[in-house]
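Nothing in this text is a laboratory measurement; each read-out follows from the coordinates by a stated rule. The model shown is predicted, which means the values in this text are computed figures rather than measured ones. Every residue, glycine as well, gets a Cβ built from its backbone with ideal geometry; the counts of neighbours run over all protein chains shown.
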Amino acid sequence: MKRLARLLLGSLLITTGIATGTVSISVHADVNGVRVWQSPDHVRLVLDLSKAHEHKVFQLTSPDRIVIDLAGADLNTDLNKVEIADTDIIGLRSGRRNKTDLRLVVETTTTMAYKSFPLPPNDSIDHDRLVIDLERRQTGQLAKPAVVKNAASYESNRRDIIVAIDAGHGGEDPGAIGAGKAREKDVVLAIARELNNMLEAEPGFSPFMVRTGDYYIGLRERSERARKVNADFFVSVHADAFKHPSANGSSVYVLSDRGATSEAARYLADKENASDLIGGVSIGDREDHLAMTLLDLSMTAKRSASVAVGDEILGEMGKISRLHKKNVEEAAFVVLKSPDMPALLVETGFISNPDEARQLNTRTYQQKMARAIFTGIKDYFYQHPPAGTMVAARQKAASQFTEYVVRSGDTLSELAVRNGLEVQYLRDINSLHSDVLKIGQKLRIPSS
């Protein structure tokens, strides 16, 4: 009941840039901290409050600025120390209004749409927060996503397989904190970037990074961004924690509508699904029950594909790390709710385990984990390429092979040139891990 009361209270606190918004909570409170998070499309200002209390937000121009009035409040932090470099905020200052109220002025680079909403305390953060999101006003048509598949690319049989890479948490939500104060949001972003680089270098694949920096994205918005670029696959990368530091091993999860397959799966799903309460999503941004019911019904078509990709990734991760479970697990992760594509959540390890935290915090291990995920994805799509992709066209052309026996002086690059193939493709279809050939070795060569 207490949580419900807070959520209902929160819905009353939301204000938008359409009109000036006020709340009716006459509680004296102080601002004890201020943080700024910049994302590609908006900037977020977060105020740490001693209590939830009345506030008013409005906009002024010439110069452009957002004004936040907090009744009967004091400022207990130094605005000059707030990091605003490389953001849409160019200045922060404070003053008194009516001798009692605190006024914060946020100078911006341009006129921006704004929205404010409260965040109540939760299991990770023990105080109230006020969030003000500032978004650049859109002019004309929205910019098209950098990566998108369309009808023309289907007809040409040359489009890439699009893989959406989601680095969990970010911004206000650090995720789990491990040994040496390693933060999950930093570790998984590093792994996601390594995976992005590998997919960019692989012919026939195009990666799409859902989160490119240190900012928070709502759980449902993450899969929605992947849908907007028509991704063929969605992978959410995490390095979570469990109640006991002895928990260890990597895991792969698919969405379950029947409950979790283990205590750890249930615990992790509950923890990840609470990210919106930590990172910050307003009540108005959540989808209605009917829409989610229809969404749940349509997702069953992609379930078997998700498990198949998960098996491939799990097999690769088992070569470099201990597995928490040997099978793909199931749990009700909100971030995986997408009807258009197979989707997985990969736990790269338990950052709550001191040994695994130390590994996850090294670039060498991050690259190994990214390589395992990359190989699993690649192997699956080479076996099951989506129609109209370059990989599918290559697989069709290579449906018939001839056997070639390696002779003295042969090199893989020369054989590739002789047969009009890419070296990487010849390596892939023969499951070669290097370019070294042995006399008498048998290779598959496409007959056409």
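Just a few scattered comments:
- D_trans [Stokes-Einstein, Kirkwood Rh over alpha-carbon pairs] for region 157-226, 20 °C, 1.002 mPa s, µm² s⁻¹: 166 µm²/s
- Going by neighbour counts of Cβ atoms within 10 Å, the residues His42, His55 line up, fewest first, as His42, His55.
- Annotation: the residues Asp86, Asp123, Asp428, sorted from fewest to most other C-beta atoms within 10 Å of their own C-beta, follow the order Asp86, Asp123, Asp428.
- Shape category assigned to region 296-394 from the gyration tensor of Cα positions, a/c cut at 1.5: oblate
- 3J(HN,Hα) from dihedral phi, region 312-324, Karplus parametrisation 6.51/-1.76/1.60, rounded to Hz, x for glycine, proline: 5, 5, 4, x, 6, 5, x, 7, 10, 8, 6, 9, 5
- Sites Leu432 and Val67, calculated FRET efficiency, Cβ-Cβ separation with R0 45 Å, nearest 0.05: 0.10
- Three-way shape label, region 398-446, alpha-carbon gyration tensor, a/c 1.5: rounded
- The slack between Thr109 and His244, meaning 0.36 nm per residue of separation minus the straight C-alpha distance, is 43.9 nm.
- For region 42-133: span of alpha carbons on each principal axis (Å, largest first): 38, 32, 24
- Placing one equal scatterer on every Cα of region 39-89 and applying the Debye formula, the log10 ratio I(q)/I(0) at q = 0.20, 0.29 Å⁻¹ is -0.99, -1.31.
- The Cβ shell under 11 Å around His127 holds other residues with a net charge of -2, Lys and Arg each +1, Asp and Glu each -1.
- Residues Asp41 and Phe401, FRET efficiency given R0 of 51 Å [Cβ-Cβ distance, rounded to 0.05]: 0.60
- Computed from label points 7 Å out along Cα-Cβ, the spacing between Ala308 and Gln441 is 2.9 nm.
- For Ser321, distant residues with modelled amide H under 5 Å away: none
- Remark: region 364-372, residue by residue, has Karplus-estimated 3J(HN,Hα) of 4, 6, 4, 5, 4, 5, 4, 4, 5 Hz, where x stands for each Gly or Pro and the curve is 6.51 cos²θ - 1.76 cosθ + 1.60 at θ = phi - 60°.
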